[in-house]
Each structure stands twice: as structure tokens, then as C-alpha cells.
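The values are calculated or read from the model by the stated rules, or taken from the named source; none is laboratory data. These numbers come from a predicted model, not from an experiment. Counting neighbours? That spans all protein chains shown, and the Cβs are built from the backbone with ideal geometry, glycine included.
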Amino acid sequence: MVKSENEQLIVKPSAENLAAAAKAAGKKGPPPVHLWDPPFLGDIDMEIRRDGTWFYLGTPINRHALVKLFSSIIRRDGDDYFLVTPAEKVGIRVADAPFVAVDAAANGVGRDQVLTFVTNVGDEVTAGPDRPIRVVRDAKTEEPSPYVLVRANLEALIDRKTFYRLIELGAHEDHEGESWFGLWSAGTFFPVIPSAELA
């Protein structure tokens, strides 16, 4: 149990209580978690692993509907992640990104190409000026980690098979005075790697 700012005793929520609150809040579409400012009740033992698997108390959450429900109330403030309902806010751990892009479809070619991603929880996201793709390279291994923005401050790690398929659609373009290999989507070029490093 924790005390709120006004010193009332509050019971820390369980996963079941959070799920019920999330279900009630999301009856008419995605909950507006960015508008809610409930009291922070501390951290709970919930984690999203790099492969997108959700764990609660060290055990995988195998019910996809429950994972999808929780994913609808996740919010990122700074570097921290929370599950937020109108009545409560609890911290959770996220190993990398809260979502994984498990598939992508391309329509059009070249500068007219549009890339649409599907996440592990069923979100569909079209990459473009408001939903950028970015690639981070590991300082030691140089291994790329590609991401696409899903919604406010929340990204999906693009899984390896999907990223390799997308690379086949890439092109070399001038970007900030250098030649880069990258991807076009919705009229925006997203650089992946300097062209010189592919020579």
C-alpha cells in the first residue's frame, strides 16, 4: 500500500484491476491516456521484453487480448513507461520498445512508396512525417535496431525479418549533403546507413 499526496491510504493495483479499468476506459476507441493525470501508485512487477512479450510477476502473459488491452493504456513520460487509467498510474519496465513491428506492406515505388506496419498488438502504422522510421546502430557490434513511431513517444522495434524485406525496397538519396541508403514512405526519406559504408 502507498499513500497519495493527500495522505489517503491507497491499495496498489493488481493486473486484474488495471485490466478492468483499461477495458472500461477504452469502450469508445483508444483511451486518451495523454489527458489523464491520476496519482502515481508506484511500480508494479510488469515488464515488456525486447521481443514484445509481456511478463507479470515473472510469468509471461499469454492472453493476447489482455496484452492488447494493457498496450492501449501505456504511456511514456521522459524515459519512463507507465500504465495509466483515469484513476491510477503505475510504472512498468520496458527492455527496448513497447511494441514490435512484425510485418509491413509497401504500396507504390520510389518517392511515391508508402510503408504500413503492423505491430504485435494489431496496431497499423503508416510511416511518414508524423510517424518516422529511425535506425540506431549498436556502438560495439554496429548491428542496426530500426524503429517506427506508433503513437506519442511510443515506438515499435521493427523485427529482423521485416527490416530485411524493407531493405530490398531501399534507395540511395542525398541527405544533409551526403549520400545515404534509406527508405521512402509517404513522401519522406528515412536514412538507414551512409552509402559509403555499403561500398
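General observations
- Every pair of residues 6+ apart whose Cβ atoms lie under 7 Å, when the first sits in region 47-58 and is within 9 Å of Asp96 (Cα to Cα) and in contact (Cβ under 8 Å) with a residue 12 or more places away in the chain while the second is assigned to a loop (DSSP other than H, G, I, E, B) and among the charged types (D, E, K, R): Arg50/Asp96
- Residue check for Val136: hydrophobic (A, V, I, L, M, F, W, C), in contact (Cβ under 8 Å) with a residue 60 or more places away in the chain, touching a strand residue (DSSP E or B) at 6+ places or on another chain (Cβ under 7 Å) and surrounded by fewer than 16 Cβ atoms within 10 Å (Cβ to Cβ): no
- Residues of region 179-194 satisfying the condition of being at pLDDT below 95 and of a type outside the set (Val, Ile, Thr): Pro194
- Unique residue being closer than 30 Å to Thr53 by Cβ and free of Cβ contacts under 8 Å to residues at least 40 places away in the same chain when the list is Ile193, Ile167: Ile167
- Entry remark, region 156-171: residues being surrounded by fewer than 16 Cβ atoms within 10 Å (Cβ to Cβ) and farther than 17 Å from Val114 by Cα number 2 in total.
- Number of the exception - Pro132 against (1) out of contact with any helix residue (DSSP H, G or I) (no Cβ under 9 Å at 6 or more places or on another chain); (2) at positive phi: (2)
- When restricted to residues that are surrounded by fewer than 18 Cβ atoms within 10 Å (Cβ to Cβ), charged (D, E, K, R) and not in a loop (DSSP other than H, G, I, E, B), region 68-93 contains 5.
- Residues in region 103-126 that are under 12 Å from the mean Cα position of the chain (by Cα) and outside any loop (DSSP other than H, G, I, E, B) were compared, and the one that is nearest to Glu47 (Cα to Cα) is Thr119.
- Matching residues, region 110-133, being among the aliphatic types (A, V, I, L, M) and touching a residue at least 24 places away in the same chain (Cβ under 8 Å): Val114, Leu115, Val121, Val125, Ala127, Ile133
- All of Ala21, Ala65, Ala25 fail the test of being modelled with pLDDT of 90 or more, more than 16 Å from Ile92 (Cα to Cα) and either of a type in the set (Gly, Ala, Ser) or crowded, with 17+ Cβ neighbours inside 10 Å (or both), apart from Ala65.
- Region 113-131, residues that are in contact with a strand residue (DSSP E or B) (Cβ under 9 Å, 6 or more places away or on another chain) and farther than 13 Å from Leu183 by Cβ: Val118, Thr119, Asn120, Val121, Asp123, Glu124, Val125, Pro129, Asp130
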